[in-house]
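Structure first, then comments.
The values are calculated or read from the model by the stated rules, or taken from the named source; none is laboratory data. Note that the structure is a prediction, hence the values are computed from the model and not measured. Cβ: placed from backbone, ideal geometry, glycine included. Neighbour counts: every protein chain shown. Surface areas here come from the heavy atoms of the whole protein model, side chains and all, with no ligands, DNA or RNA. Shrake-Rupley method; radii C 1.70, N 1.55, O 1.52, S 1.80 Å.
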Amino acid sequence: MASKKFKSNTIMVPVPSTSIVPERDAGKLPVLETSHLGIEFGGLKAVDDVNLAVGPTEICGLIGPNGAGKTTVFNLLTKVYQPTHGTILLNGKDTAGMTTEQANRMGIARTFQNIRLFNNMTVEENVTIGLHNQIRYNMFSGIFRLPGYWMGEKKQHQKALDLLSIFDMTHLANAKAGSLPYGAQRRLEIVRALATHPSLLLLDEPAAGMNPHETEELMENIIKIRDQFQIAVLLIEHDMNLVMGICEGICVLNYGRVIAKGTPDEIQSNPAVIEAYLGKQKEAK
Amino acid sequence: MITFLTYLINGLNIGSVYAVIALGYTMVYGVAKMLNFAHGDVIMVGAFLAYCVCAYLGLHPIIAVLGAVIGCTILGILIERLAYKPLRQATSLAVLITAIGMSYFLQNMAQLIWGSDTKSFPSIIQGDAIVLFKTVQDGVTKTLTLSPINILTMASCFIIMIALTLFINKTKMGKAMRCVSEDKGAAELMGINVNLTISVTFAIGSALAAVAGILLCASNYAPLSPTTGSLPGIKAFTAAVFGGIGSIPGAMLGGILLGLIENLGKAYVSSELADAFVFGILIVVLLVKPTGLLGKKIHEKV
């Protein structure tokens, strides 16, 4: 079984907030720590009392049946919604009251469940947008093409190509993002998110719509990204092959609440998880 | 022939003013996804500011233009901050109504400050008209002339269009604008400051409106009064829709074509029907090609 080669025998250790991180990240400041995170939409608790901790180099999975509140958690983390309860610590800093843009600058980047690229821009432009806040030159050197502009532009171009090379996409740099095939668009979205230099990468169903071969490649690439950039990855996914294959810690949500946390093996044998996915076993007739 | 060319020049002249106004509409629509119906009245404020600097303070026209541009830029940012920003999450209808309210507010404020009578706008550029062509036909001398204000209008519109195209395509802020116009949420997640981007859009749009207002009044297309901006504003909006709202080259093309059609219609069909002609175009465009000449097609994946 191909997924076996990803399987790591990670030992998970508890961290103060009743969560767990891989042993190698123990003692380090978690990149993300939420405590009692929740949001209410007019009385409906979409997410309730979620305690999560993600180690600095952990690949963590967030799973659960449809409508469990997984994407809402992502929206809370990226400040698309402001939480009504609890706190989010990003690299130890409270993100309360921040805007999405500020959260991004703090080191959080994400992809979307339904691809949201800048379709009318080229692939390279999509990536350089993310590099924006790292390369500085002012408006005048931009309009009048002063040396500062060229230097910044050259650096940006090189960096964009470097990032695209992770997914072997450098030859597509000048194509319109909207004209790419579906799989390439999904990969470009990940590259674009990486360009903002995150310390935590959120992937919302990265394997959706991919064939088994592409999923296999994606798994390799997620591990490669983690190793190369030394960042944490938190992913939502329904493809259990991927989740069980690469995630070190898994958090299961149902009806907005965490029903289980642990390593892939623990999760697979957890009765509450099986019940959430398959329903309660009826008594035998 | 010369008569035709004269109409053509006049059409190009007013057309380029429409194009500059339409740029303001189209940029704001593209980035903030709203129709800023107060844009026409910013034109009027710009013209009044220039008039004040010229007539009351007696300063040089160039300073008047600068003063009007700076004044309108600040006004544009203020309008966005006070009237539209609180409605960022509201329905587009609420924003539209606010924009109309803002339009009336500006008109009435102008009436309060400057009175409702029309003012004669000082000429901002002196000099003799250039004679391009001269013929004597049946003993009548016909000349094709290009007045300094014509040259100034067309030249400044041309420069504005080039500068704006460069700005949108080559600068960081321009790129940010394109991102925000495509997907505000995704742009925020790329570390783009959406509020700042929208403010800059309004600032540029309003600065363009000030220039357009001065050119409009200086070419004597409209007398200066609190309602000066309404009709050109609506026509420029038509031009923006004609060219494809949200598209910058579309606004330029739409503006110039509209000016030509209006002037030739005035000359060869009926001067009373010229306005009806212009709005007739709006109806035809909306029926035949709702996205406008250069508008993007919206693909809906099924």
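Across peptide A:91-102, the average count of Cβ atoms from other chains found within 10 Å of a residue's Cβ is 2.
Here the stretch A:226-285 yields Rg over Rh of 1.07, to two decimals, using C-alpha coordinates and the Kirkwood radius. Computed over the stretch B:151-201, the P(r) curve from all C-alpha pair distances, binned at 5 Å from the origin, holds 4, 22, 23, 18, 12, 10, 6, 4, 1, 0 percent per bin.
With kT/(6 pi eta Rh) evaluated at 37 °C and eta = 0.692 mPa s, and Rh the Kirkwood radius from Cα pairs, chain A diffuses with a coefficient of 165 µm²/s according to Stokes-Einstein.
In a reduced charge model with +1 at each Lys and Arg Cβ and -1 at each Asp and Glu Cβ, the protein assembly as shown shows a dipole moment near 580 debye about its Cα centre.
Shielding by partners for peptide B:175-186, expressed as the average number of C-beta atoms from other protein chains within 10 Å of each residue's C-beta, is 5.
Relative to 2.2 N^0.38 Å, what does the C-alpha radius of gyration of the stretch B:31-159 come to as a ratio? Two decimals please. List each step's numbers first, then the result.
Working: Rg = 20.0 Å, N = 129, 2.2 N^0.38 = 13.9 Å.
Computed over Cα atoms of the stretch B:31-159, the ratio equals 1.43.
So if I place +1 on the C-beta of Lys and Arg and -1 on the C-beta of Asp and Glu, and nothing else carries charge, what would the dipole magnitude of the stretch B:11-233 be about its Cα centre? I want it in debye, nearest 20. Charge dipole, the stretch B:11-233, about its Cα centre: 440 debye, nearest 20.
Kirkwood's formula applied to the C-alpha pairs of the stretch A:159-285 gives a hydrodynamic radius of 16.4 angstrom.
Sum -39500 (n - 2.57) across every DSSP H segment of at least 4 residues in chain B, then divide by the residue count to get the 222 nm mean residue ellipticity, nearest 500.
Values: 11 runs with 204 residues, N = 302.
Here the helix-only value at 222 nm equals -23000 deg cm²/dmol.
Karplus-based coupling profile of the stretch A:197-213, in residue order and whole Hz: 6, x, 9, 9, 10, 9, 10, 9, 6, x, 9, 4, x, 8, 7, x, 5, with θ = phi - 60° in 6.51 cos²θ - 1.76 cosθ + 1.60 and x standing for Gly or Pro. Ordered by 1.4 Å accessible area with all protein chains kept, B:Asp138, B:Asp183 run largest first as B:Asp138, B:Asp183. A simple rule links phi to the HN-Hα coupling: the Karplus curve 6.51 cos²θ - 1.76 cosθ + 1.60 with θ = phi - 60°, which for the stretch A:64-78 gives x, x, 4, x, 6, x, 5, 5, 4, 4, 4, 5, 6, 5, 8 Hz, with x for Gly and Pro.
Ordered from highest to lowest accessible area with the whole protein assembly present and a 1.4 Å probe, B:Trp114, A:Trp150 read as A:Trp150, B:Trp114.
The charge dipole of the stretch B:129-184, taken about its Cα centre with unit charges on the Cβ of Lys, Arg, Asp and Glu (plus for the first two, minus for the last two), comes to roughly 260 debye. Size estimate for the protein assembly as shown follows the Kirkwood approach: the inverse of mean 1/r over distinct Cα pairs works out to 27.1 Å.
When the alpha carbon gyration tensor of chain B is reduced to an equivalent ellipsoid, the three semi-axes, largest first, read 33, 24, 18 Å. The largest accessible area among B:Lys184, B:Lys33 belongs to the first residue in B:Lys33, B:Lys184, and the rest follow in falling order (1.4 Å probe, all chains).
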